[in-house]
Structures are given as C-alpha cells and as structure tokens.
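Asker: Handing you a structure now.
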Amino acid sequence: MSEGTMQLRAQRDQRDPQAKRAKRLTRVLVGAAAVPVMLVAAGCSSDSGSDDGKDKAAEESAASKSASPSPTVQAAAFRKLPEPCSAVTKKTLDDLVPKADSGKEGSSNDTAMRASCSWDSLDDNGVKGSQFRWLSVSMLRFESDVTRGEGDKLAADYYQKQLKDAQGAEGAKSVKTAPVSGTGDEASVVRYDLKKKEGTFKQQTVVARVENVVVTVDFNGAGLAGDKTPDADDLVKDAQKAAKEAVAAVTKANGSAAGGTSSDAPSPSKAPSEESSKSASESSSKAPAKDS
C-alpha cells in the first residue's frame, strides 16, 4: 500500500465517526421535533371532538323541544250570543212585564261575549194601587284559554259566583235557593224579600249555565200604593220560564256548535276579564234597587 493510499484511508476513518455521530444527532432531533407535532395533532383532535359533542347536544336539545307538543285546551262550544232583547219571546214578555216598552239593551263593547236587556212595567190601577214588574236578562260567554282553562269550566266558576252574589244581596230577607231542572247544564233560583218604603219587593234570580255561557235572569215584583204583594211562587215560575227561553236562544244562536282544539279558538285576550265579569254581575243584580 502506498503512502498516499494510507493517508486517504486515515482521513476517511476520521470522518466516518463524525458522520455517524452527525447522522445519529439528526435522527434524534427529527424524532424530538415529531413529538410536539403529535401532541398538537392530538390536542386538535381532542378539541374538535369536544366541539362536536357540544353541537350534538345542542341539536338533540333543539330536536327535543321541537318534538314537545304545544299546550292545548278544548275549544269552547258556543262562539256567540243571541240578541239580548230577543232572548225572551214576546208572549212571555207580555205575561211578565205587560205594560213594558221595548227592552233596554245594556252597553257592551263586545256583544259576542256579554249582552243584556231589561224591561220594566207599571200597571196602574188608580185608587186600587199598581203592580210593578222588572225583568233583566244578562248573558256572559267564556272562551277557552290555555292559561285560564276551558270555557265551560270558567263558566261553571262564574255560575257559582253569581249564585253567591244573589244569596248575599244587601237587605235580602228570607233567602231561599232551589235547583231548576230542564234549563241548560245546571241552573238554580234564588228568591228573597226586599222591604222598601214603597212596599215589599219579591225578588227572583235564576242563574243557568249552558256549556260556556252563563245566563242570569232577574225578575221582581211589588204591589204599590196599597195594591197586594204578588205571589212569590208565581214570580218564580215566570222567572224560570224566561231563563229557559234565554238558554234556548243561546243554543239556537250557535246551531250545532261543538268544541274543537285551541287552535280554532280566539286569542286569550278575547276571554272575559274580571272587570267585565264584575260588570255583568252588577248589572244582573241591580233589580231590587229600582224604585217607581
């Protein structure tokens, strides 16, 4: 081997360990750099999965809400009221208030919800005195409402309130209450005496409910200027007759109306308010206060 060859081999042997070490260092650095890349990738994958989970949960919640049924309530059976001054037949009016003029319709901003009419009669018999009669028919209709309940249930509550108001009338004496058959879904008559300076007034109040409508009939009579006091039993029969006709008029005005779902019902704002109920109650119970 020549001296030149030996010198080249020595130089190569010196370079090889350095090359090997450099190669190993390169592999270490490459491997070390790969670790953060993997961690970053893993982190991104984890975050992505978390967001997907939140999105999925939100979608499921929205789907659950969408699938939940909206609250519903049975629609009220009756949607309107009859003309109040025509709710009682002319023949009955001639019997109950024979000297009456045409009926006086009560004020109402929505006659489909509440309506009333009244008549008064004074049969003057000269020195023998006179007979006074006063008749009032009031009707209040209740709509179904998802927050307040079904119309017939609301009417049933008001029916009970009307009875209590009649039974607790100021100055009432000898108060008696009895059920009335054949008039709507439920009906009762409250009768009592009311003594005034003109004489003793006999008061009859018939409260009836048919579906989601409450009908209140007030009928009173008195013998004035020395005339005899009318028979209370006769007045009760007359009041019941008028109430039965008024209930029939409500049913006829609505034809064969039947309940449905709340989607067919008017908006909740259509339902009678407490103020309007109070107004109807006061109107139907003012009969004894009328003097002649």
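Asker: Using the structure shown, list the pairs from 104/237; 90/153; 202/252 with a Cα-Cα distance above 26 Å, or answer none.
Answerer: Numbers: 104/237 23 Å; 90/153 32 Å; 202/252 31 Å.
90/153; 202/252, as the Cα separations exceed 26 Å there.
Asker: Please give the net charge around residue 203, taking every other residue with its beta carbon less than 9 angstrom from that of residue 203, where Lys and Arg add +1 and Asp and Glu add -1.
Answerer: Values: positive: 191, 202; negative: 193, 218.
With Lys, Arg at +1 and Asp, Glu at -1, the neighbours total 0.
Asker: Cα gyration tensor of segment 75-181, axes a ≥ b ≥ c as square roots of the eigenvalues: rounded (a/c below 1.5), prolate (a/b > b/c) or oblate? Please list the in-between numbers first.
Answerer: Numbers: a/c = 2.82, a/b = 1.62, b/c = 1.74.
Cα axes put segment 75-181 in the oblate bin.
Asker: For the pairs 161/195; 128/164; 164/197, flag any whose C-alpha to C-alpha distance is greater than 32 Å.
Answerer: Details: 161/195 24 Å; 128/164 37 Å; 164/197 26 Å.
Over 32 Å Cα-Cα: 128/164.
Asker: Moving on. Ranked highest first by average number of other Cβ atoms within 10 Å, how do 93-105, 205-217 line up?
Answerer: Values: 93-105: 15.8, 205-217: 28.2.
Top of the packing list down: 205-217, 93-105.
Asker: Here's another thing I want to ask about it. What distance in nm separates the simple spin-label points at residue 92 and residue 198, each placed 7 Å from Cα in the Cβ direction?
Answerer: Rounded to a tenth, the inter-label distance reads 2.4 nm.
Asker: Based on the Cβ-Cβ distance of residue 99 and residue 234, what FRET efficiency does E = 1/(1 + (r/R0)^6) give at R0 = 25 Å, to the nearest 0.05? Write down the numbers at each step before the final one.
Answerer: On the way: r = 17 Å, r/R0 = 0.69.
Plugging the Cβ-Cβ distance into 1/(1 + (r/R0)^6) gives 0.90.
Asker: With a 1.4 Å probe and all protein chains left in place, how much of the accessible area of segment 68-226 comes from carbon and sulfur atoms, in whole percent?
Answerer: For segment 68-226, the apolar C and S fraction of the accessible surface comes to 47 percent.
The values are calculated or read from the model by the stated rules, or taken from the named source; none is laboratory data. Bear in mind the structure is a predicted one, so any value in this text is a computation, not a measurement. Backbone-built Cβ (ideal geometry, glycine too); neighbour counts: all protein chains shown. Ligands, DNA and RNA are stripped out before the accessible areas are found, and what is left, the full protein with its side chains, is counted by its heavy atoms. Shrake-Rupley method; radii C 1.70, N 1.55, O 1.52, S 1.80 Å.
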